[in-house]
Amino acid sequence: MFDEVKNLFDHVAGFFSKRKPATEEVNGQAYALKENGTLGDPVRELAPQWTKPTIHVSTLGALLDLLKYGVDEWQEGEVAVHVVDHLTVNLVSLKADRYGRRHVWGTAKHVPETAFTFGKYEEPEDFLIKFRSSFYFNDN
């Protein structure tokens, strides 16, 4: 009776113990073996869930200052400027980490000071104020 309970306990405990998949190494990369004996997906260790947080700023000048002053000890040539859309620019790492992820170190997102709405009637004075404060004017 005692042996039967012990065998049952060992059997149930086997379900909860850490098992390693059956693997085969090819050219230094481990692959899981499928039930039919063929190679399956590559086996990799899990990537850590925590990464350094992205620094959020609202101007391109602040984004360049992050790069200029070497936040997180960036070196020249290690990060690239990625224009996401007309309001957002990211600083991304050129090299992926060993888990294949590229980190976004900084993000500059323009926040409009005043909402300039198109296709809506505005009083002339309000229109000129919003128009002048929403667009950058230069000599060209």
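Give me the net charge for the shell around THR51: Cβ to Cβ below 15 angstrom, other residues only, Lys and Arg +1, Asp and Glu -1.
My count for the surroundings of THR51 gives +3.
What FRET efficiency comes out for the pair ASN27/THR51, r = Cβ-Cβ distance, R0 = 41 Å, nearest 0.05?
0.90
VAL43's amide H: which non-local residues (gap 5+, or another chain) put their own amide H closer than 5 Å, with H modeled 1.01 Å from N in plane and none for Pro or chain starts?
When sequence neighbours closer than 5 places are left aside, the close amide H contacts are ALA30, TYR31, ALA32.
Stretched out fully, how many nm does the piece from GLU4 to LYS68 gain, at 0.36 nm a residue minus the Cα gap?
Length difference between fully extended and current span is 16.0 nm.
Positive end of the dipole of region 48-99, charges at C-beta (+1 Lys, Arg; -1 Asp, Glu), about the Cα centre: which of ALA62, VAL81, TRP50 has its Cα farthest in that direction?
Final value for the positive-end residue is TRP50.
What nm value, rounded to one decimal, do you get for the distance between THR38 and LYS120 when each label is placed 7 Å out toward the C-beta?
According to this spin-label approximation, the distance is 5.9 nm.
What does the charge add up to near ARG102, with Lys and Arg as +1, Asp and Glu as -1, over the other residues with Cβ less than 14 Å from its Cβ?
+2
Taken together, the values in this text are just the output of simple stated rules run on the coordinates, not laboratory data. Please read all numbers here as calculations on a predicted model, not as lab measurements. Please note: Cβ atoms are built from the backbone with ideal geometry, for glycine as well, and neighbour counts cover all protein chains shown.
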